[in-house]
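Just so it is clear, none of the values below were taken in a lab; they were calculated from the coordinates. Everything numeric in this text was worked out from a predicted model, so none of it was measured.
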Amino acid sequence: MAMTTRCPEDDEYESSGSSSGTTTAAAAAATTTTGQNSSTNSRISDLSFSSSSSTASVRKPASVSITVGKPHKANQAAWEAMKLLRREKGTVGLDHFRLLRRVGSGDIGNVYLCQLRYPFFSTCLYAMKVVDREALVVRNKLQRAEMEKEILATLDHPFLPTLYAQFEASHYSCLVMEYCPGGDLHTVRQRQPNRRFSVSSA
């Protein structure tokens, strides 16, 4: 079951059926300016990101170094687009993406289908996982989120979604990852006869 980033034409964006197992895009933490934070907050509000009114303090996340060389994604349009963006802009941030729709949600965040605003690569789709760091502190799950980020940044395997970039936007932590339209493996397995994959499908 292939899990590759698709680069469909613009008229395919309205298609549905993706599940919460989606993920996505390239590397380097980015911080936002005060002006960006205000626009970020309004955009997050408009898209109904899960938020928390808690006043709990959120420590600054540790910097995560994303492996620049990912041989399984070498020469793919989605990977090349992120490399070009980082080379020209220096950092990757929320303002570089257009969020299309929410495609899933999990225990610690929501996942949005998105595309780069960069014209030449605007048809490449990514999945952006957005988590509210204040909510994670209240629920004592911040360490879990940091561990997930570190694992995805370190590993490069065709069976795992690729983490292309990660950055902070206000009190939100955003992971730009590979868009996997087939959904998560657990959900697919549950739909199989006797909840098992046949030899041919495996």
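Can you tally the lysine pairs in the range 66-202 where the Cα-Cα distance is under 13 Å and the two residues are eight or more apart, or on different chains?
Value for the range 66-202: 4.
Give me, ordered by chain and number, the residues 5 or more places off residue 109 or on other chains with an amide H under 5 Å from its own placed amide H.
none
What would the Debye equation give as log₁₀ I(q)/I(0) for the range 93-202 at q = 0.15, 0.18, 0.23 Å⁻¹, counting only Cα atoms as equal point scatterers?
The Debye formula, applied to the Cα set alone, gives -0.74, -0.99, -1.33.
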